[in-house]
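Read the structure below first, then the notes.
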Protein chains: 2
Amino acid sequence: MPRLLLPLLLLLLLLGQLSALLAPRRRRSAPPPSPAPYLTRYLSQQIDHFGFDENLTFQQRYLIADQHWKKDNGPILFYTGNEGDITWFCNNTGFMWDVAEELNAMLVFAEHRYYGESLPFGNESFSDSKHLNYLTSEQALADFAVLIEYLKETIAGARYSPVIAIGGSYGGMLAAWFRMKYPHVVVGALAASAPIWQFGDLVPCGAYFTIVTNDFKKSGTGCSESIRNSWNAINHLSSTDAGLQWLSNTFHLCSPLKNLQDASMLKSWLSETWVDLAMVDYPYKADFLQPLPAWPVQEVCKFLKDPSLSDKLLLQNVYQAVNVYYNYSGEASCFDMSETATKNLGQLGWYYQVCTEMVMPMCTDGVNDMFEPQKWDFDALSEECFRLWGVRPRPSWVLSMYGGKNISSHSNIVFSNGGLDPWSAGGVTQNISDSLVAIMIPDGAHHLDLRSRNPCDPKSVKQARVLEVHYMKQWIEKARRKH
Amino acid sequence: MPRLLLPLLLLLLLLGQLSALLAPRRRRSAPPPSPAPYLTRYLSQQIDHFGFDENLTFQQRYLIADQHWKKDNGPILFYTGNEGDITWFCNNTGFMWDVAEELNAMLVFAEHRYYGESLPFGNESFSDSKHLNYLTSEQALADFAVLIEYLKETIAGARYSPVIAIGGSYGGMLAAWFRMKYPHVVVGALAASAPIWQFGDLVPCGAYFTIVTNDFKKSGTGCSESIRNSWNAINHLSSTDAGLQWLSNTFHLCSPLKNLQDASMLKSWLSETWVDLAMVDYPYKADFLQPLPAWPVQEVCKFLKDPSLSDKLLLQNVYQAVNVYYNYSGEASCFDMSETATKNLGQLGWYYQVCTEMVMPMCTDGVNDMFEPQKWDFDALSEECFRLWGVRPRPSWVLSMYGGKNISSHSNIVFSNGGLDPWSAGGVTQNISDSLVAIMIPDGAHHLDLRSRNPCDPKSVKQARVLEVHYMKQWIEKARRKH
């Protein structure tokens, strides 16, 4: 869920940059995904499940793979798609492919409305707040419920198939909420790295960045200190034109820095890079957001051993470090600060969601974390959202709707979290009841457990997956006894 | 919930009459309600909880009575208002007033949006489908959730008050659904006479009218047979102008019958009268829909002992019978067929709900019931709804949303049903689990248990109330142990 943070961080550090997203931008092409043997299908869905005035429909895309499915009501593993192209999540959720045979399961990957090809109003979907009005988690969950009922009615032998929701990041939040709100549709949910408590004042707003900082601290002597010192180094240099020029050259920026605001953007871009690195600090070479080496934070930290260097030497090292993230393939000729994570995520849609329902308070203090101090500024977010779309965020709504920490009456949800993952700050990391279970993966980054098996997997993630399959079998078995 | 049926019955028997509701109509004045010691309050609510484009609000009315409330987090009994003026429900839900002291409970009665004073767009609320677009059960439940959170935040000592949802009829459906969807807001629900299964094909469409018929069959020899024979008697007479004139005079109609369509309306009006009588067949003199004697169906049946009479004699008896319902007070000079139950219910709003979410299939066969055979005709409903408001009903949505019969994973709901109440046909009348409990009241009509204690109460309703209080105490106790 890199984009969960991105808008927040941008808003946190540099209000106004959000609007840059509204302009068209050049994108790097992503490496082709490894083809998975699935069929692509579309279902006609109500654009507005909760109102009857406009009776419009759109085509929701979903992917389906039944190679291992036992036709006599074998289970269905249902990926609750999040803020991006569903094929990308399909190809990055190897866990589901790995366990399909053992569970005799059909796999379904449902695309979230307003992302990928599932655009309610085609090219007009993002044109204004009227067209964006149906981009909410509630509408997305309703799509999932209707889709599952359609599949059970139309696929021979699926009438009584127990369905398990699986998702990671925002998709994990959706999986958990789906089980909470539609327990008649899914018998259980695996919510991987799902920060369902990163709302209101449920968790301290600084916890997220403290985890990022700890990842860097653990990954190399002097590493987090170097980053903490880099901000002032940038501040010093950006106070003169020569310094700005030097920064532009040193960081190989495609567009040179012209003023303090540009320098501020450089700091945002760097901050986001460190955050993204913490999220994808996987134990093997991987290509989730970017092609990266194994344990990329350690790789980055190799360049950041000495925090006491002079400004310029320190920042030259910082450049070497971010180079690991943006240029591991060696193909980049210059860096475009408007490009950070991956083109597979729908930034504009997610920004809108942050501007409405998904208000996740974040802050830094520069003491418990390695970032420049920045208070959580709801009013600034609200103003920016109003300026962009004429909408105001309603931070309390998601708590009213999904219950905040008061969720103990629900059942059959596994919350998995990685100890390295900053999103674990807002996750459920302790058991709530016998059937609301937390699984910690101390060596894991952002939903490592949902990725394909890998020889370099730490023991903790292997154990987590075993436990996850154990619970899924339990839910399936219990559902089977009912019929 | 008389109006739950009314629109269906009208549509069933006489398409087109629905549109008459759109015209202004004269209303009888209801007897003044006995004043209950409550305060009237208003809360600003989002008109659209599920979208952010229009950020409009309206004032939701609620009534609050804290005479018996224990300020140190004593419980709150929360009436989930249904399709009418909340003061009327407040004054007809004596059970809550009767148990407030024993439970040290605060009482709150929340008005359902689009009814009573809680009109989102004032006088424009019903003007077209744009303004009606926010009249859904989901929006109403969201209002309730937001209101409860507001009360807990603003009333000193209510922070950890356990809240129990209570409702009857459609309000009972809302109470049950509220616990299902917002278990973090209410610790349990008492759903009285709530036909949550009167949807899709969950129950036979004819069961409702079979119960009405059985009530009349049990209440007097020849009674249901007389009514069954009355339809053909009307058909015979209405084939001539003289017969129509005779019918108009005999039934003291304010507007004389002019053609077969008017005669059809007479039959609808009579059918609805029998149905309403079955619903309010209470064991004591009462004034719920109309002022009525004790066991009104028995009173009615005193006039309907001989089904073998000639057409005219039979219909003269039918007139005497309906006179019990419409003229128990002796004040009516003529009968207006457009007035049936009570002015306290919001007919137009409920019709719209029937035309969108609340599609409850109903049918008669004339064999298992005493009515003229009539198949369930969804297409006719859909056409009528489209003609009136440009909306189409979505009969499967309520099943997708609330789970149909697949609700066993929920908890802490008591479903009470009266054996005399036709709505018990669509109710939960058998236990689903230890905490989804059915209470049958064989001698009870429509939510008799929610009415005030009465010396004539049958033992079954007294026992039901004892059990209901027992469960409520259990929920309160369990919630208390958490804090």
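The values are calculated or read from the model by the stated rules, or taken from the named source; none is laboratory data. All figures in this text were calculated on a predicted structure; none of them were measured in a lab. All Cβ positions, even for glycine, are placed from backbone atoms using ideal geometry, and neighbour counts span all protein chains on display. To get the accessible areas, we keep the full protein, side chains included, count just its heavy atoms, and leave off ligands, DNA and RNA. Shrake-Rupley method; radii C 1.70, N 1.55, O 1.52, S 1.80 Å.
Tell me the distances, shortest first, between B:Asn123 and the same position across the other copies, using label points 7 Å along Cα→Cβ, in nm to one decimal.
In ascending order, 4.6 nm.
Once R0 is set to 45 Å, what does the formula 1/(1 + (r/R0)^6) return for the Cβ-Cβ distance between A:Ser433 and A:Asn327, expressed as a FRET efficiency to the nearest 0.05? Please list the in-between numbers first.
Numbers: r = 47 Å, r/R0 = 1.05.
The value I calculate is 0.45.
Quick query: amide H of A:Val163 versus all other amide H atoms, modeled in the peptide plane; which residues come in under 5 Å with a sequence gap of 5 or more or a different chain?
The list, which skips near neighbours in sequence, is A:Ile76, A:Val187.
State, to one decimal in nm, how far the label point of A:Glu383 lies from the label point of A:Asp128, with both points 7 Å from Cα in the Cβ direction.
2.5 nm
Determine the gain in length on full extension of the stretch B:Asn259-B:Leu56; use 0.36 nm per residue of separation and subtract their C-alpha separation, reporting nm with one decimal.
Values: separation 203, 0.36 × 203 = 73.08 nm, distance 4.76 nm.
Working it through step by step, the gained length comes to 68.3 nm.
Rolling a 1.4 Å sphere over the protein heavy atoms, what is the accessible area per residue of the range B:156-204, to the nearest Å²?
Numbers: 890 Å² over 49 residues.
I get 18 Å² per residue for the range B:156-204.
Would you tell me the mean number of C-beta atoms belonging to other protein chains that fall within 10 Å of each C-beta in B:182-189, as a whole number? Could the numbers behind the result be given before it?
On the way: counts 6, 7, 13, 3, 0, 1, 1, 0.
Taking the mean over all residues of the peptide, I get 4.
Can you compute log10 of I(q)/I(0) for the range A:40-180 with the Debye formula, treating each Cα as one identical point scatterer, at q = 0.18 Å⁻¹?
Those come out to -0.99, one per q.
If the label point is 7 Å along Cα→Cβ of A:Val367, which residues in the range A:257-299 have backbone nitrogen under 20 Å from it?
No residues fall inside that zone.
Averaged across the residues of A:132-139, what count of C-beta atoms belonging to other chains lies within 10 Å of each residue's C-beta?
Values: counts 3, 6, 3, 2, 4, 1, 5, 2.
Averaged over the peptide's residues, the number is 3.
Using the Karplus curve 6.51 cos²θ - 1.76 cosθ + 1.60 with θ = phi - 60°, work out ³J(HN,Hα) for each residue of the range B:365-371 in order, rounded to whole Hz, and write x for Gly and Pro.
10, x, 10, 7, 9, 9, 9
Project the alpha carbons of the protein assembly as shown onto their principal axes and report the range along each, largest first, in whole Å.
That works out to 109, 58, 46 Å along the principal axes.
Amide H neighbours of B:Ile441 under 5 Å, counting only residues 5+ apart in sequence or on other chains, H built in-plane at 1.01 Å?
B:Asn417, B:Gly418, B:Gly419
Once Rh for chain B is found with the Kirkwood sum over Cα pairs, what is the Stokes-Einstein diffusion coefficient at 10 °C and 1.306 mPa s, in µm²/s?
Answer from the Stokes-Einstein relation: 69 µm²/s.
Show me the chymotrypsin sites (Phe, Trp or Tyr not before Pro) within the range B:137-242 that DSSP assigns to loop and that have at most 14 other Cβ atoms within 10 Å of their Cβ. Don't skip to the answer; put the middle values down first.
Values: sites: B:Phe144, B:Tyr150, B:Tyr160, B:Tyr170, B:Trp177, B:Phe178, B:Trp197, B:Phe199, B:Tyr208, B:Phe209, B:Phe216, B:Trp231; in loops: B:Tyr160, B:Trp197, B:Phe199.
In loop regions of the range B:137-242 (DSSP not H, G, I, E or B), the sparsely surrounded chymotrypsin sites (Phe, Trp or Tyr not before Pro) are B:Tyr160.
Let me have the relative contact order for chain A, percent, based on Cα pairs under 8 Å that are six or more residues apart.
Details: 953 pairs, mean separation 97.7, N = 483.
Averaging sequence separation for qualifying contacts and normalising by length gives 20 percent for chain A.
Give the cross-link partners of A:Lys70 among the lysines, using a straight C-alpha distance below 27 Å as the criterion and excluding same-chain residues fewer than 8 apart.
A:Lys152, A:Lys462, A:Lys473, A:Lys478, A:Lys482, B:Lys405
With θ taken as phi - 60° and the coefficients 6.51, -1.76 and 1.60, list the Karplus ³J(HN,Hα) couplings across the range A:294-309 in order, rounded to whole Hz; mark glycine and proline as x.
Residue by residue, the range A:294-309 yields 4, 6, x, 5, 4, 4, 4, 5, 4, 8, 10, 8, 10, x, 8, 5 Hz.
Could you work out the local net charge near B:Cys205, counting Lys and Arg as +1, Asp and Glu as -1, over the other residues with Cβ closer than 12 Å to its Cβ? Please report the intermediate quantities before stating the final value.
On the way: positive: B:Lys375; negative: B:Asp201, B:Asp365, B:Asp369, B:Asp377.
That sum, taken over residues with Cβ under 12 Å, equals -3.
7 Å from Cα along Cα→Cβ at both B:Ser239 and B:Lys285: what's the point-to-point distance in nm?
4.5 nm
Say a label goes 7 Å from Cα toward Cβ at B:Gln59 in every copy; what distances in nm does this one have to the rest, shortest first?
5.0
Taking a Cβ-Cβ separation under 4.7 Å as the criterion for a possible partner, which cysteines of chain A have none?
Flagged as lacking a Cys partner: A:Cys90, A:Cys456.
What average number of partner chain Cβ atoms lie no more than 10 Å from the Cβ of the residues making up B:110-122? Mind showing how you got there, number by number?
On the way: counts 0, 0, 0, 0, 0, 0, 0, 0, 0, 0, 0, 0, 0.
Mean partner-chain Cβ count within 10 Å for B:110-122: 0.
Relative to the compact globular guide of 2.2 N^0.38 Å, what is the alpha carbon radius of gyration of the range B:296-419, as a ratio?
So the Cα radius of gyration is 1.44 times the expected 2.2 N^0.38 Å.
Rounded, prolate or oblate: which one fits the range A:108-210, using the alpha carbon gyration tensor with axes a ≥ b ≥ c (rounded when a/c is under 1.5, else prolate when a/b beats b/c, else oblate)?
Details: a/c = 2.49, a/b = 1.19, b/c = 2.09.
Note, shape of the range A:108-210 comes out oblate.
If ligands, DNA and RNA are left out, what is the accessible area of A:Glu124 with a 1.4 Å probe, given in Å² to the nearest 10?
Near enough 100 Å² of accessible area.
Smallest Cβ-to-axis distance in chain A, for the rotation taking A to B: which residue, how many Å?
Its Cβ sits closest to the axis: A:Phe50, 2.
Under a cut-off of 17 Å between alpha-carbon atoms, report the aspartates and glutamates in cross-link reach of A:Lys71, not counting same-chain residues fewer than 8 places apart.
A:Glu101, A:Glu102, A:Glu149, A:Glu153, A:Glu477
Amide H neighbours of B:Trp295 under 5 Å, at least 5 residues apart or on other chains, H built in the peptide plane: list them.
For B:Trp295, whose amide H was placed from the backbone, the distant partners under 5 Å are B:Tyr282, B:Tyr284.
Quote the accessible area belonging to B:Trp376 in square angstrom, nearest 10, computed with a 1.4 Å probe and with ligands, DNA and RNA left uncounted.
Spelled out: B:Trp376, probe radius 1.4 Å, area about 70 Å².
Which whole-Hz couplings ³J(HN,Hα) result when phi for each residue of the range B:76-90 is put into the Karplus expression 6.51 cos²θ - 1.76 cosθ + 1.60, θ = phi - 60°, listed in order with x for Gly and Pro?
10, 9, 10, 7, 7, x, 10, 6, x, 5, 5, 5, 5, 5, 4
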